[in-house]
Ligand code: NIG
């Protein structure tokens, strides 16, 4: 197995409570795992050596919420929104039409392009969803294309009711033949529980059917207004409820008393002119918070986790450490990848045995992620022990 030692790490954020933040550190990557962490002065030799020159290093970003299997572009909708038009769930239908028309190769190439773009910015673990096919065949091929390259795949047939169905008949399709066709490629199922998408009863049916098929659950909830999404997610023991832009104090309390991660998507809130989510209240109440990009062509066309971290610090009252944790270990928790599972070694953490996903910044500390917003600070990235950027 090939090994790489990275020495001269001025500040190493491990997310391992036993290690915390280590100064003057070195890390050894061997095969796909972290093999050693310790003081740079006692680093063992390896096949390849890289001197980080005093720079800061952290686990690769874990982007736990994206929608990357799509075709087409919604620049005109974005321009209209910036001129005052509201964001509506119905915009999804524009991407559905383009996605249905696209060949498999086109969808796969677009997905690869966005995964590469993300990796070059330090993202080493990505969840992505179906949800722009909305027929049995288009959802199944979306899931298959995603499963070939993404770390985690989520079935989001319940994204929007396509115009050729009533809501009830579409939920029947999602819970029956569509779920059967997609389940072999997905570990998760999700539902967009929101006005204009799926109501509480319909969402409940989708979650029940998915759980019966053995899929883990996630929910899009409380994005465009207060609603039943968070409640439903907690009741079903979902791994995460994503968006959480509009939360009542009962929602915050419910999240704090649950194992459901509140995944916040600030780039989406900015791009859709919504308020930013109440991160401080969630953390202070004891909820687990993750940050993710929600990369998609409609509501959040960015793969930049650094942008989400900077926004969380500059505008949402999170400390730099909280934001970096939420974008690494928090995302891993939302995907239930924070410990070793059948899906592979732990991600979002640098500890011996964890996946060898390392991000070195061209900066002396993680504080620069917020102190120098918008500046591309990625200096080197290893994913599963292989250099993506050095
Ligand atoms: O998470 N909320 C639902 N789905 C996406 C939006 C997708 C779109 O507008 O195309 C989201 O924001």
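The values are calculated or read from the model by the stated rules, or taken from the named source; none is laboratory data. Please read these numbers as outputs of a predicted model, since none were measured by experiment. Cβ atoms come from the backbone with ideal geometry, glycine included; neighbour counts cover every protein chain shown.
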* Filter result for residue 96 (in contact with a strand residue (DSSP E or B) (Cβ under 9 Å, 6 or more places away or on another chain), under 27 Å from residue 148 (Cα atoms) and at pLDDT 95 or above) -> no
* Structure fact -> All conditions in (1) in contact with a helix residue (DSSP H, G or I) (Cβ under 6 Å, 6 or more places away or on another chain); (2) without any contact (Cβ under 8 Å) to a residue 40 or more places away in the chain are true of residue 185 except (2)
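Quick one: how many residues across the stretch 263-289 are within 14 Å of the ligand (Cβ to nearest atom) and outside any loop (DSSP other than H, G, I, E, B)?
As a first pass, look at the stretch 263-289 and keep what is within 14 Å of the ligand (Cβ to nearest atom): 263-274, 277.
Next, from what is left, pick out any that are outside any loop (DSSP other than H, G, I, E, B): 263-264, 266-271.
Looking only at that region, the number is 8.
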* Asked: What number of residues within the stretch 63-97 satisfy the criterion of being part of a helix (DSSP H, G or I) and either near the ligand (Cβ under 9 Å from one of its atoms) or surrounded by fewer than 19 Cβ atoms within 10 Å (Cβ to Cβ) (or both)?
  -> 15
* Is one or more of the residues making up the stretch 133-142 closer than 19 Å to residue 386 by Cβ and at pLDDT 95 or above? -> no
* Matching residues, the stretch 172-196, being under 21 Å from residue 242 (Cα atoms) and either within 16 Å of the ligand (Cβ to nearest atom) or crowded, with 24+ Cβ neighbours inside 10 Å (or both) -> 174, 186, 188, 189, 190, 191, 192, 193, 194, 195, 196
* To do: Kindly provide the set of residues from the stretch 30-55 that are assigned to a strand (DSSP E or B) and closer than 21 Å to residue 353 by Cα, ordered by number.
  => 30, 33, 34, 35, 36, 37, 38, 39, 48, 49, 50
* Structure fact -> Flagged in the stretch 126-149 as within 16 Å of the ligand (Cβ to nearest atom) and in a loop (DSSP other than H, G, I, E, B), in numbering order, are 130, 131, 132, 133, 134
* Asked: Got a number for residues in the stretch 211-238 being within 21 Å of residue 293 (Cβ to Cβ), part of a loop (DSSP other than H, G, I, E, B) and in contact with a helix residue (DSSP H, G or I) (Cβ under 6 Å, 6 or more places away or on another chain)?
  -> 1
